[in-house]
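Computed from the coordinates by the stated procedures, all read-outs in this text should not be read as laboratory data. A quick note: this is a predicted structure, and the numbers were derived from the prediction, not measured. Note that we place each Cβ from the backbone using ideal geometry, even for glycine, and neighbour counts take in every protein chain shown.
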């Protein structure tokens, strides 16, 4: 059976730029490789533009649906962190956070 739930710990970072407000975490390389292999393009899961994969995410007591996006530079998937979630969970740049992602079926 293919694993579709991942418990992850990663560090928050802010997209570099003049008005950087976008916060992200990288899905580690091992998990990213597994997700790409099992759920990447043409694998029967909900996908949107840019090779993104639809997921549900839980951080602390907060859960939401979003997408993870492949990042060619790091070879991992990126998870954007909404401002609303960061505020509720007290998350800031450079924090190490634990989160769970579940790949959503098509």
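With label points built 7 Å along Cα→Cβ from the Cα atoms of residue 58 and residue 94, find their separation and express it in nm. For the pair residue 58/residue 94, the computed spacing is 3.1 nm. Relative to the longest principal axis of the Cα atoms of the chain, the long axis of helix 29-39 lies at roughly 40 degrees.
Taking other C-beta atoms within 10 Å as the exposure proxy, 31, 84, 18 rank 18, 84, 31 from fewest upward.
Using only alpha carbon pairs under 8 Å that are at least six residues apart, calculate the relative contact order of the chain and give it in whole percent. Please list the in-between numbers first.
Working: 193 pairs, mean separation 40.2, N = 106.
With pairs under 8 Å counted, the relative contact order is 38 percent.
Calculation over all alpha carbon pairs of the chain in 5 angstrom steps from 0 returns a P(r) of 2, 12, 24, 26, 19, 11, 4, 1, 0, 0 percent. With R₀ fixed at 25 Å, the C-beta to C-beta distance from residue 37 to residue 7 puts the FRET efficiency at about 0.85. Counting every other Cβ atom within 10 Å of each residue's Cβ, 91, 101 order from fewest to most as 91, 101.
Structure remark: mean-square fluctuation, Gaussian network model of the chain, C-alpha springs under 10 Å; the largest value among 70, 80, 16 belongs to 16.
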